[in-house]
Structure formats: structure tokens, C-alpha cells
Amino acid sequence: MCLPGRVRRRPPVWLLPVLWTVALGLWGLPRQRSVWRDEAATWMAAQRSVPEIWHLLERVDAVHGLYYLLMHALFGCFGASTTTLRLPSVLGMAVAAGCVTCVGHRLAGAPAGVGAGLAFGLLPAVQFSLQDGRPYALVAAGTAISTLLLVTLLRGDGRGGRWAVYGSTVLVCALLNWLSLLVLPAHLVTLVWARAGRAAGARWAAAAVAAVLGALPLVLFSRTQSHQVAWIPPLTWHTLIGPAVLLTLGALGALLDRPRAGRLSVAAVGLPLLAVPQLALLGVSLVHPLFLERYVLFGMAGLALLIGATLGAADRALRPRLPRAAPWTVPVATVLALLALLPQSLAQRSPASRVDDVLAVAGHMRSLKRAGDAVVFLPADRRDTAQVSPAEFAGLRDVALVRDPVESGTLRGEEAGPARIRAAMLAQRRILLVTDAPEAAPPVSSARDRAKAEVLRRHFTQVADRCVRGRRVTVYERRHDTPPHHRQNRL
């Protein structure tokens, strides 16, 4: 019963989607205490000192420098754990969901806004990055904030230096990952679609140019580290299936929104946000392979907006005929989507959802190693297992390593040449090899790795083998056919 003179205040429209996204993020957050190779890079970098991080960024991963510094601060405050590693992504996606809700609400009403915010957290790509210790969720949050600011400005509220805030937000996103600058051409299409005036266009251009110029030093410097993305495969027809499905769904949602030129609508905001970054990155990848879905994850906000607009249209269509059923449109659709996606959601929260787990194989080291054993990593990148779990590798001699990762300013360290690696391995009686599981192992390419594989094949015998979650540890004992010094001379 309400007292006279008191107005009952409703909770903000963004609250439910934010809480919903946080709940989805906290659900199974530890993933059975598994950490995959990309998260291991964050883990290793964040535990270094600030000067050591700067030393690292001079050699590799400059594109993620701001993120590593942020995670360094969080690890220092709350300790290194899977919760600290992933909670920023949960909160980032929650912020993105709140912004998506506000945009949908302003452009198409409360049902469309709430539907968009709830749908955002359920999208498979979002659920993957929701619990991933990498910067892509924070980039999604920043681009969602900039999109909300753009909508607010185009709807007539350009006071208080909000264009400067818009440009600053785009710049911060670019410092987290400069491919987020692809949001700018998406916003430009929105400006053209909505026929924004010359004044708004000029202010947007000034903010966009300032953001690009601010990020340009990072863009140019990180290009000197382009070898880090050399592993990305060229485009194939299989690669194009995912973007084609997403763009088709987006186009259908835009049609249901009945977009009209000259009007700021959900379609005018959501469709460019979904389509332009994907198409631009696909175009770049025709020249230099660079397409990964997580690089344009922020575009999923556009798909969520279009889904929300569809739910809003269904709500409006039902209200004249079934006024009691209309309010249940969004809740029922959300529950049905949750049930339909439940197998996929459960899979995303299991260790098997990632290509490997650097912690799982480390757990077997105590039972396999003996005093005086050596360890070899093939390829050298698999040294991340020892870097994330140093206690499990205590007492093992890393015979190929000449400079550790911190000293060398790398994530994997610097190894000796093939001849020195061969000699060091032949001086051992037992070697533990840490490598990829057979189904995930890349071809041996470097001379160092070929030397490791050759010595083990010709002069050692496999006596134990453990393979778990994409990683493998194999114990080798030296054959006793010839003395070690004879074997070295023969080679």
C-alpha cells in the first residue's frame, strides 16, 4: 500500500540485464580451475613488475599493454587467481549489457531495450569472452559506452563536452586493442543513415580524428610486432560461415525494425555496429590474414540491439489483441533462448571449451618427475605451463633455456641454438617433454624444435605419458646402447 503523496519509483531499465549478465558470468567462473594459453599470457605478464612489463611490451604484446598494466594492479590488490583474472571481463560485459539496454530503450522502448540487454549476455561469442581473462570484454564495454554516447548526442544532448567524452572513450578502447577503432566507420554509417546535421558530423569527425591520432603511436609500434599474428590462417569458406550467419540475422532484424533513412532507429545503430567491423576486418584479411571473431566481438552489441527490436515489435503487435500476454514476450523468449543454448552454455564453462589447459598437465608433474630430471618444451611457447605453475616444476632443469622470459622480455624465454640443445639433452638420463596433445600439435617448424624431436626419437625411450586437456607430458629415459660422450661425438 502506497502512502499518499509518495511516488513509487521503478528500478532503472538497465538493472535487470546488468544483474543477468553478472549472474551468467559468475556461473562456473573458475572453469574447474583451468587456464588456457591466452589467459596464461595475461597471467604471466600481470605478475611482472611495471618495469618488467614495459620491457615485455618493447618485444611483444604492445597491443595489450594497457590491459596488462590494469591486470597487474588487480593482481597486486586481490592476488593472482582465476577469479581476479576473469572478473574484469564479467563486469565489462555487464557494463556493455547495460549500455545496450539503454540504447534499445531510447530508440524502441523498454521491452526492446530489456530484450536487447538480456539477449546480449546469451550470445555464444559473448559467453565465451564473458569468462575469459583477455581484454575483449573491456573493449566491448568501451564501444558500447561510446555507442550510447553517440545516440545521446544525436538525439539532441550535445552539452557538457560529451563529444570529448565520446572521443576519449574510443581512444581508451583503442589502447586496449586498436582494432576497436573499427567502431568509428560503423558510427559514421549511423550518422549518414540518420542524416545527422553538419554540426553533429563535424563534431563527430573531430572526436574521431583525435582518437585515431591518440592511438596512432601504438598502432605503428605494434605493427613492428606483426609476427605475433602470423599464425592466423587465411580466409576460407569455412571462416566465412559465422560472419555470414550473423549478418543474415542482423539484416532480418533490421527489416523487422522497418528502418527508414533519416531516422535514428535501432536498425541505424545496430546493423552498422554488427556489419561494418566484420566486413572491414574480412576485407583487410584478404590482404593480410587478421580475421578472428574476438577482434570484432564488440559488434555483438549490434546483433543484440536488433534482437531486442524484434522482441519489442512482437510486444507491440500483441498489446492490442492480447494485452495480458504482451508483457511476457521478453521473459518467455529469454527463457526459451536460455534452454535452447543450455548445452552450449554448459560447454563454454568447461575446460574443454578452450584449446588447452596449462594448469592440468602441470598437476601431473609431481608424480612424474624425479630428482635430477630435465624438462624440455616443444614448442618453446609451452613453457607457459611452468611460468604459471612454477612450484610444480621446481627441481627440474630447463636445459634448452639460456635466458628466462622475464630477463629476455618475452613470454617464452630465449633458447639455445640447435647444437647446444642437442648436446644438453644428450647429457641427461631422464627428460620430461611438455608439448601439445597429438590432435592439437602443430607441425614442427623451427630448427630448435626439430633438434629436440630428433634427439628424443633417436636416443631416448618413452616410459610414461599423460595427456589432458590439450596438453601432454611424456617421460623419456636415455637408451643405454652407447655412452653419452660417444653419442655426442657421433652427432
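The values are calculated or read from the model by the stated rules, or taken from the named source; none is laboratory data. Everything quoted here is computed from the prediction, not taken from an experiment. Positions of Cβ are generated from backbone atoms using ideal geometry, with glycine treated the same way; all protein chains shown enter the neighbour counts. Surface areas here come from the heavy atoms of the whole protein model, side chains and all, with no ligands, DNA or RNA. Shrake-Rupley method; radii C 1.70, N 1.55, O 1.52, S 1.80 Å.
Against the criterion of being farther than 26 Å from D38 by Cβ and crowded, with 18+ Cβ neighbours inside 10 Å, A215 does not qualify. Among the residues of region 149-165, write down those that are touching a Leu at 6+ places or on another chain (Cβ under 9 Å) and either outside any helix (DSSP H, G or I) or open to solvent by less than 10 Å² (accessible area, probe 1.4 Å) (or both). If the condition is that a residue be touching a Leu at 6+ places or on another chain (Cβ under 9 Å) and either outside any helix (DSSP H, G or I) or open to solvent by less than 10 Å² (accessible area, probe 1.4 Å) (or both), then L150, V151, R155 are the ones that fit.
For beta carbons closer than 9 Å, sequence separation of 6+ or different chains, a first residue in region 176-198 that is among the polar types (S, T, N, Q) and a second that is assigned to a loop (DSSP other than H, G, I, E, B), the qualifying pairs are N177/P135; T190/A196; T190/L264. The single condition among (1) part of a helix (DSSP H, G or I); (2) surrounded by 17 or more Cβ atoms within 10 Å (Cβ to Cβ) that A202 does not satisfy is (2).
Within region 287-297, the set of residues being open to solvent by 20 Å² or more (accessible area, probe 1.4 Å), modelled with pLDDT of 90 or more and part of a helix (DSSP H, G or I) comprises E293, R294, Y295.
When residues of region 228-274 are filtered for being part of a helix (DSSP H, G or I) and at pLDDT 75 or above, how many remain?
Within region 228-274, residues that are part of a helix (DSSP H, G or I) and at pLDDT 75 or above number 23.
Taking first residues from region 57-84 that are buried (at least 19 other Cβ atoms within 10 Å of the Cβ) and partners that are among the charged types (D, E, K, R) and part of a helix (DSSP H, G or I), the Cβ contacts under 9 Å between residues at least 6 apart in sequence or on separate chains come to T82/E39. Close Cβ contacts (under 8 Å, 6 or more residues apart or on different chains) running from residues in region 351-364 that are over 9 Å from S34 (Cβ atoms) to residues that are among the polar types (S, T, N, Q) and assigned to a helix (DSSP H, G or I) comprise V361/T385; A362/T385. Looking across region 102-140 at every residue that is among the β-branched types (V, I, T) and open to solvent by less than 20 Å² (accessible area, probe 1.4 Å), the one that is farthest from G28 (Cα to Cα) is identified as V103.
Within 21 Å of A41 (Cα to Cα), at pLDDT 95 or above and within 33 Å of the chain's Cα centre (by Cα), is that true of V376? It is true that V376 is within 21 Å of A41 (Cα to Cα), at pLDDT 95 or above and within 33 Å of the chain's Cα centre (by Cα).
Specify which of the listed residues (R48, R31, R37) is within 23 Å of A380 (Cβ to Cβ), open to solvent by less than 20 Å² (accessible area, probe 1.4 Å), basic (K, R) and in contact with a helix residue (DSSP H, G or I) (Cβ under 7 Å, 6 or more places away or on another chain).
Values: R31 fails: within 23 Å of A380 (Cβ to Cβ); R37 fails: open to solvent by less than 20 Å² (accessible area, probe 1.4 Å).
Result of the check over R48, R31, R37: R48.
Screening region 388-490 for strands (runs of 3 or more DSSP E) wholly inside it with 1 or more residues that are over 27 Å from A230 (Cα atoms), without any contact (Cβ under 8 Å) to a residue 24 or more places away in the chain and open to solvent by 30 Å² or more (accessible area, probe 1.4 Å) returns the ranges 460-468. Of the residues in region 186-201, at least one is within 22 Å of the chain's Cα centre (by Cα) and at pLDDT 95 or above.
Can you pull out the residues in region 173-209 that are of a type in the set (G, A, S) and closer than 20 Å to T152 by Cα? Within region 173-209, A186, A194, A196, G197, A199, A200, G201, A202, A205, A206, A207, A208 meet the criteria. Take G28 and decide whether it is in contact with a Lys or Arg (Cβ under 7 Å, 6 or more places away or on another chain) and either at positive phi or without any contact (Cβ under 8 Å) to a residue 40 or more places away in the chain (or both). The answer is yes for G28. If you take the residues of region 304-314 that are of a type outside the set (G, A, S) and open to solvent by 10 Å² or more (accessible area, probe 1.4 Å), which of them is nearest to G98 (Cα to Cα)? In this case the residue turns out to be I307.
Only one of S168, S146 is under 20 Å from G92 (Cα atoms), surrounded by fewer than 23 Cβ atoms within 10 Å (Cβ to Cβ) and touching a residue at least 40 places away in the same chain (Cβ under 8 Å); which?
Of S168, S146, the one residue that is under 20 Å from G92 (Cα atoms), surrounded by fewer than 23 Cβ atoms within 10 Å (Cβ to Cβ) and touching a residue at least 40 places away in the same chain (Cβ under 8 Å) is S168.
Kindly evaluate R10 against the criterion of being over 21 Å from P135 (Cβ atoms), in contact (Cβ under 8 Å) with a residue 12 or more places away in the chain and not in a helix (DSSP H, G or I). The answer is no for R10. If you filter region 2-19 down to residues that are modelled with pLDDT under 85 and open to solvent by less than 90 Å² (accessible area, probe 1.4 Å), you find that the one that is farthest from A116 (Cα to Cα) is G5.
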